[in-house]
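Please read the structure below before turning to the comments.
The values are calculated or read from the model by the stated rules, or taken from the named source; none is laboratory data. Here the structure is a predicted model, which means the values were calculated and not measured. Cβ placement follows ideal geometry from the backbone for every residue including glycine, while neighbour counts extend to all protein chains displayed. Remember, those area values only see protein heavy atoms, side chains included, never the ligands or the DNA or RNA. Shrake-Rupley method; radii C 1.70, N 1.55, O 1.52, S 1.80 Å.
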Amino acid sequence: MILHRLRISHVRNHGHTEIDCPEGTLLLLGENGAGKTTVLESISLLCSTRSFVTHQDRGLLQKDADAFRVEGVFTTDGGSQHEVVMEYHAEQGRKQIDLDHASLPSASDLIGQFPMVALSPQHRPITAGGPGERRSFIDFIISQVHHAYLMDLIAYRRTLRQRNALLSDMDRRPEEIRTTLDAWDASLAETAVRILRRRHRFIEEFTPYFQTAMQGVIGEREQVALQYRSTADIDPEGDAAPAEYHRLLERRFNLDLRRGTTTVGPHRDDMDILLNALDVRAQASQGQHKTVLIALKLAEHRYLDSHLDETPILLLDDVFSELDDDRLASVLQQAQGLGQTFITSANAATLNFFAHADNGNRTLKIENGIVKTLAEVA
Amino acid sequence: MLSTSPSLDALIAEFSRLPGIGRKTAQRLALWVLKRPRQEVEQMAAALLQVKDHVRTCSICCNITEEDPCTICTSTKRTHSVICVVEESNDVFAIERSNDFRGLYHVLGGSLSPLEGIGPDDLHIRELLDRAKEGVEEIILAMNPNVEGEATTLYLSKLLKPFGVSITRIARGIPMGSDLEYTDAATIARAFEGRIAL
Ligand SMILES: [Zn+2]
């Protein structure tokens, strides 16, 4: 899939920006704060409905603007053309997404249609941060491949909020808890088991991609593995799993009631990332964190590419300042041939890496939210 | 912003309370009323009061009606041993449009939702249990395909089990997260054919 044209209006420091995107790599050069990342965030909005920097749409508004708009024209690998328009109005406080001039009933309808992989300093918590970061990482990949999984996640969160509302209201509604909790538990169990199945299967499928990518980035020396850590101690496969999960919720009832919340389930789970059998989060060096993250992201791209009809767009935000030259060269070599790629850098020397790159690449310079070609700058 | 007429402001405030109507639309509606002939406005006001005075809840199925029991509950052309349980009166309209269901209805008045403070006592569940005791053969649960509808379905199926009636639910050909009310007749018809025992 190729993003041909991108239009950005009133996002951060971009007043009006229009970019014709090449089929290969687009390199965006500029100082910190010039507005390079905003271009990548805008692409992320079109592909995933969200920026990878913030989940607060209001924070994307240009100063004094009351609405922003992002438009993209995509060509699929099969050759058909699609236009995505996203508008956010501060007054309504929500986004409106149009696909080919028809408004989408729900933002989730867009997920998976225009796949994308982003790597930026914002993703560091995937290897170094809390469990929620790793859950988001795998949930976003699976959601792009299986729409039913995304629907299950949304339903699970809603059911969980309902169950927690009931649990935290014991004083006023003891009778209601006694009579209706079972229905919420049964419902939660069904969805939780489907989510757990998908996550287990995903980790099994994804691990070889991760291993291959890691070898590509740093050579054969290091062994990586992924391990799902479930707070619900049940085997999600098999017909009895939902009933078993339901009984687990019943056993936890007193604890959940005391805490006023649901203490086990997919919303509390984690995934260990192991490097030579050691937990990366607790034991890896700074350099190892970087390479593991890059390998995870390259693996994400290859995984999506082989499980979807569309080749994902790759967004590399400010990864150059993070890496030494050797690593950088190997990452770019890996990225070559992965499809359309957008790269930001504050370092003009980055251009050297593209000096002998293939045709179909392009470099633009950004200053104060204004995009110029190198010819215009000179 | 307030206009120069307190009566107009009051009407705008009333319109603003309607579901899905914002302040701007309310202003437009109020100005429209202002421009209509007096007789037309009287008709409209009378219709509003008429609804309040004459429309009530059927004492059997809890659907909205002007005669109690309602025309569906008293119809001799319908199968009285089958009851389809729905959340709102809108769902009855939707299913009636499809013309595929010839039994009776029961309108719950919503679904379980602790977040909104809606529990079993806030729904017409006791009335449903009373009906289940009296010679009903099948109860079809046709809640909206969302998490609240799902929990309500599970809750009711457990509650109705001791009555020895056959309990089914409509098949989920209807996309999760949508309202039954907005689903087209063909999809609803398919969902009824594919109902499954609980
Ligand atoms: Zn009736």
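Taking each of A:Lys63/A:Lys365; A:Lys36/A:Lys95; B:Lys77/B:Lys158; B:Lys24/B:Lys52; A:Lys63/A:Lys290 in turn, the alpha-carbon distance tops 25 angstrom for B:Lys77/B:Lys158; B:Lys24/B:Lys52; A:Lys63/A:Lys290. Rounded to the nearest 100, the interface formed by chains A and B buries 1400 square angstrom of accessible surface, both chains summed, with a 1.4 Å probe. For chain A, the 222 nm mean residue ellipticity estimated from helices alone, with every DSSP H stretch of n ≥ 4 adding -39500 (n - 2.57) and the total spread over all residues, rounds to -13500 deg cm²/dmol. What FRET efficiency would be calculated for the residue pair A:Arg221, A:Ser321, taking the C-beta separation as r and a Förster radius of 35 Å, to the nearest 0.05? After rounding to 0.05, the efficiency reads 0.85. Its residue count N fixes a reference of 2.2 N^0.38 Å for chain B, and the Cα radius of gyration divided by that reference is 1.24. Were the residues from B:Glu96 through B:Ser166 laid out at 0.36 nm apart, the gain over their Cα-Cα distance would be 23.0 nm. Working note: Cα gyration tensor of region A:193-335, eigenvalues times five, square-rooted, sorted largest first, giving semi-axes of 35, 18, 14 Å. Using a probe of 1.4 Å on the protein chains alone, the accessible area found for A:Thr212 is around 90 Å². Distance from the Cα centre of region A:21-39 to that of region B:45-105, in angstrom? Region A:21-39 and region B:45-105 have Cα centres separated by 61 Å.
For A:Gly15, the amide hydrogen comes within under 5 Å of the amide hydrogens of A:His10, counting only partners 5 or more places away or on other chains and with H modelled in the peptide plane. If the viscosity is 0.890 mPa s and the temperature 25 °C, what Stokes-Einstein diffusion coefficient in µm²/s follows for region B:6-54 when Rh is the Kirkwood radius over Cα pairs? Taking Rh from Cα pairs, D becomes 214 µm²/s.
With contacts taken as Cα pairs under 8 Å at a separation of at least 6 residues, chain A carries a relative contact order of 26 percent. If you find the alpha carbon centre of region A:49-86 and of region A:118-183, how far apart are they in angstrom? Going from one Cα centre to the other spans 25 Å. Checking every one of the trypsin sites (Lys or Arg not before Pro) in region B:1-62 against DSSP loop status and a limit of 13 other Cβ atoms within 10 Å picks out B:Arg17. Largest first, the residues A:Asp318, A:Asp139, A:Asp305 sort by 1.4 Å accessible area into A:Asp305, A:Asp318, A:Asp139. For A:Asp239 and A:Ala148, what does the FRET efficiency come to when R0 = 22 Å and r is the distance between their Cβ atoms, rounded to the nearest 0.05? So, using R0 = 22 Å, E works out to roughly 0.75. Here the protein assembly as shown is treated as an ellipsoid with the same Cα gyration tensor; its semi-axes, largest first and in whole Å, are 51, 33, 20.
The convex hull built on the alpha-carbon positions of region A:138-238 has an orientation-averaged projected area of 8.4 nm².
Per residue, the accessible area of chain A comes to 45 Å² when a 1.4 Å probe rolls over the protein heavy atoms. For region B:6-54, the per residue solvent-accessible surface stands at 83 Å², with DNA, RNA and ligands left out and a 1.4 Å probe. Of the GluC sites (Glu not before Pro) in region B:6-98, the ones in a loop by DSSP (not H, G, I, E or B) with at most 11 other beta carbons within 10 Å are B:Glu67.
Magnitude of the charge dipole for the protein assembly as shown, about its Cα centre and with charges confined to Cβ atoms of Lys, Arg (+1) and Asp, Glu (-1), is about 780 debye. Loop-located trypsin sites (Lys or Arg not before Pro) in region A:141-221 (DSSP state not H, G, I, E or B) with no more than 14 neighbouring Cβ atoms inside 10 Å: A:Arg172, A:Arg221. Once R0 is set to 35 Å, what does the formula 1/(1 + (r/R0)^6) return for the Cβ-Cβ distance between A:Thr75 and B:Ala45, expressed as a FRET efficiency to the nearest 0.05? Computed FRET efficiency for A:Thr75 and B:Ala45: 0.05. Note on B:Leu159: accessible area is roughly 50 Å² with a 1.4 Å probe, heavy atoms of protein only.
Solvent-accessible area of B:Met143, all protein chains in place: 10 Å² (probe radius 1.4 Å, heavy atoms, ligands and nucleic acids excluded).
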